[in-house]
Amino acid sequence: MATVKLLLYDYYKKKDSNKLPLYIRIIHNRKPKYIALGITVNPEKDWDAERLRVKKSYPNATRVNNFIVKKLAEAEKIALDLEEKKKRDEALQRIIDKEVEAELGDFSIDDESENKETNPLEPILNK
């Protein structure tokens with residue numbers, strides 16, 4: 001299952017200021033992918049950690065919050081598409097396995113009498 005999360009990425013903290021960049025993290029099959037949003041915020045002054053939105057003190061806060069919501073929705077859509085693809089692949093694999101099993105079910109592996117080669121020296125060796 002893919003998970004999507006918005007986070008302040010403190011690894012790339014700007015040296016001159018206290019601002020941190022915003023990233024979206026998508027984890028699928030235990031592999032994380034990070035998408036930079038191109039927004040940096042001061043976590044103490046301009047970031048609401050509970051709502052995961054910028055505060056009104058941030059310039060163009062409404063537009064930035066709408067942008068964040070839009071990008072999160074796109075990331076959720078990607079995560080859902082990945083899950084649907086995984087389910088389709090698993091269903092297709094089950095169908096293929098059933099078809100192969102049905103085709104191989106016609107052949108009898110246990111019937112050795114038809115597959116035995118006769119050895120002309122067998123009556124002599126069995127004495």
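Just so you know, all these numbers are worked out from the coordinates, no wet-lab data involved. The model shown is predicted, which means the values in this text are computed figures rather than measured ones. Cβ coordinates were reconstructed from backbone atoms using ideal geometry, including for glycine residues, and neighbour counts include every protein chain displayed.
The table that follows gives values for the structure above.
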| item | result |
| --- | --- |
| Shape category assigned to segment 1-96 from the gyration tensor of Cα positions, a/c cut at 1.5 | prolate |
| Residue exposure sequence - Lys77, Lys86 - by fewest surrounding Cβ within 10 Å | Lys77, Lys86 |
| Subset of Lys5/Lys45; Lys31/Lys85; Lys5/Lys87; Lys55/Lys86 violating a 27 Å alpha-carbon distance limit | Lys55/Lys86 |
| Footprinting exposure proxy for Tyr34, Tyr9, Tyr58 (fewest neighbouring C-beta atoms within 10 Å first) | Tyr34, Tyr9, Tyr58 |
| Relative exposure of Lys45, Lys31, Lys55, Lys19, judged by other C-beta atoms within 10 Å (fewest first) | Lys31, Lys45, Lys55, Lys19 |
